[in-house]
Amino acid sequence: MRFLLFLGALALVACGTKAPETYLWDDDYLVRAKENIDAVIVRANRALEMKNPSVMDKEFVPASGNKHDYMSLSRYFWPNPDTQDGLPYVTRDGESNPELEKYDRNNLGKMSGAVTNLGLAFYLTGEKKYADKAVSLLDTWFLDPETKMNPNMNYAQIVPGLYEGMGRSFGIIDGYGFVEMLDGVMLLKARKGIPAEKFDGLKSWFSEYTNWLMTSDHGKKESEGENNHSIAYDVQLLMYSLFGGEEEIARKVVEEFPVKRLQAQINPDGRQPHELTRTIAYWYSVYNLAHILDVCDMARNNLGIDIYHTQGADGSGSVEKALEFLTPYIGHRQSWPYQQIHDWDGAEELLKECLRRAARY
């Protein structure tokens, strides 16, 4: 394996690149990207053709009256069948409401995914068209005064008919797409594909957003959560603080993580009880593990701290045991003792990726 990684590193050097300052991705990831460059190029070429999305595209105006404020619908909430106007919306856990398309959530995903793929394509090929499009997308979403998103999630995951139009703390998870996107940005920077003033503008935006995460009522509530949302909060706070050069914040997240998150959410037998109550319990158990591995990787890559092998005195908080609990159900869905009303395939594929990542530890 080390020899293969060495060959991959040589291939990257042959492309005129050098090891970039990324936070989540490591050399292994970039080697695999190089091996699958055709797929990277296909996705990047598709991104070249897309219209730049922005928060100004949505059909609704947030309760603030400012369309620059991000706004999304709570994914699993649907019109109330028992009221004439459908209000207040009611939950159908695990079933996504297609009205999501009318808000900002899907556009955020399209933009961040496009920047990620374009950053990879530019890093691996050096073709300026990929960098130019990525910078254009970033400028539209974060920097252009006419189209930029304000650095908050005050109106994320609203529930029509409730909370006077305000969002919920759970909406912070909508920003998870920014995490991998920022490594795409760092690949642009590594090959001088993003102007310094644009890069500095992004750092400023994420510095403001980091402050919002730490000081807003939504941010404080999400930080105090007990399920995958609190892990996703930590991943974002960790990435954004690393991107902004605020190592003290990043180190605090990492040092508190084993006790505050892992031991609180993973039982000694590897079960994640907060995720097992869901109608797609297998998916959420795997999904949370993917977030946990993001923290493990960033802690190792940037701070030299090993979280993966930590656990409590009673065996709680073990990432390995959480993986071992889920792995036997790959290909044996009928044995799963909890609910999983759909998306077995997606859950299994994500778990296989988690196992590949975990093997490096």
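List of remarks:
- Screening Thr116 with (1) polar (S, T, N, Q); (2) touching a residue at least 60 places away in the same chain (Cβ under 8 Å); (3) out of contact with any strand residue (DSSP E or B) (no Cβ under 9 Å at 6 or more places or on another chain); (4) surrounded by fewer than 23 Cβ atoms within 10 Å (Cβ to Cβ) gives one miss only, at (4).
Per-residue answers, yes or no, for (1) of a type in the set (D, E, K, R); (2) more than 24 Å from Glu99 (Cβ to Cβ); (3) touching a Phe, Trp or Tyr at 6+ places or on another chain (Cβ under 9 Å):
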| residue | (1), (2), (3) |
| --- | --- |
| Pro145 | no, yes, no |
| Lys148 | yes, yes, yes |
| Asn152 | no, no, yes |
| Tyr155 | no, no, yes |
| Gly161 | no, no, yes |
| Glu164 | yes, no, no |
| Tyr176 | no, no, no |
| Glu180 | yes, yes, yes |
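- Helices (runs of 4 or more DSSP H) (entirely within segment 1-87) containing at least 2 residues that are surrounded by 15 or more Cβ atoms within 10 Å (Cβ to Cβ), at pLDDT 95 or above and among the aliphatic types (A, V, I, L, M): 37-48
- Segment 88-113, subset aliphatic (A, V, I, L, M) and under 25 Å from Ile280 (Cβ atoms), residue surrounded by the most Cβ atoms within 10 Å (Cβ to Cβ): Leu108
- Matching helices (runs of 4 or more DSSP H) fully within segment 173-290 where at least 3 residues are more than 21 Å from Asp306 (Cβ to Cβ) and either touching a residue at least 12 places away in the same chain (Cβ under 8 Å) or touching a strand residue (DSSP E or B) at 6+ places or on another chain (Cβ under 8 Å) (or both): 177-190, 196-215, 217-223, 228-243
- Reported count of residues in segment 106-120, each being more than 19 Å from Met186 (Cβ to Cβ) and of a type in the set (A, V, I, L, M, F, W, C), is 1.
- Selection within segment 35-76 - among the small types (Gly, Ala, Ser) and more than 28 Å from Leu120 (Cβ to Cβ): Ala63, Ser64, Gly65, Ser74
- Residue in segment 251-268 that is surrounded by the fewest Cβ atoms within 10 Å (Cβ to Cβ), counting only those that are among the basic types (Lys, Arg) and farther than 19 Å from Val286 by Cβ: Lys252
- Among the residues listed as Asp174, Asp200, the single one being among the acidic types (Asp, Glu) and closer than 19 Å to Ala232 by Cβ: Asp174
- Matching residues, segment 82-110, being of a type in the set (D, E, K, R) and more than 21 Å from Phe60 (Cα to Cα): Asp82, Arg92, Asp93, Glu95
- Here Tyr123, Tyr89 are screened, and the one residue that is in contact with a Ser or Thr (Cβ under 7 Å, 6 or more places away or on another chain) and in contact (Cβ under 8 Å) with a residue 12 or more places away in the chain is Tyr123.
- Close pairs (9 angstrom Cβ cut-off, 6 or more residues apart or separate chains): free of Cβ contacts under 8 Å to residues at least 24 places away in the same chain and at positive phi in segment 346-360, assigned to a helix (DSSP H, G or I) and buried (at least 18 other Cβ atoms within 10 Å of the Cβ) anywhere: none
- All positions within segment 145-163 that are touching a residue at least 40 places away in the same chain (Cβ under 8 Å) and over 21 Å from the mean Cα position of the chain (by Cα): Glu146, Thr147, Val159, Pro160, Gly161, Leu162
The values are calculated or read from the model by the stated rules, or taken from the named source; none is laboratory data. Only a predicted model underlies this, so the values are computations on that prediction, with no experimental measurement involved. For neighbour counting, all protein chains shown are included, and Cβ atoms are generated from backbone atoms with ideal geometry for every residue, glycine included.
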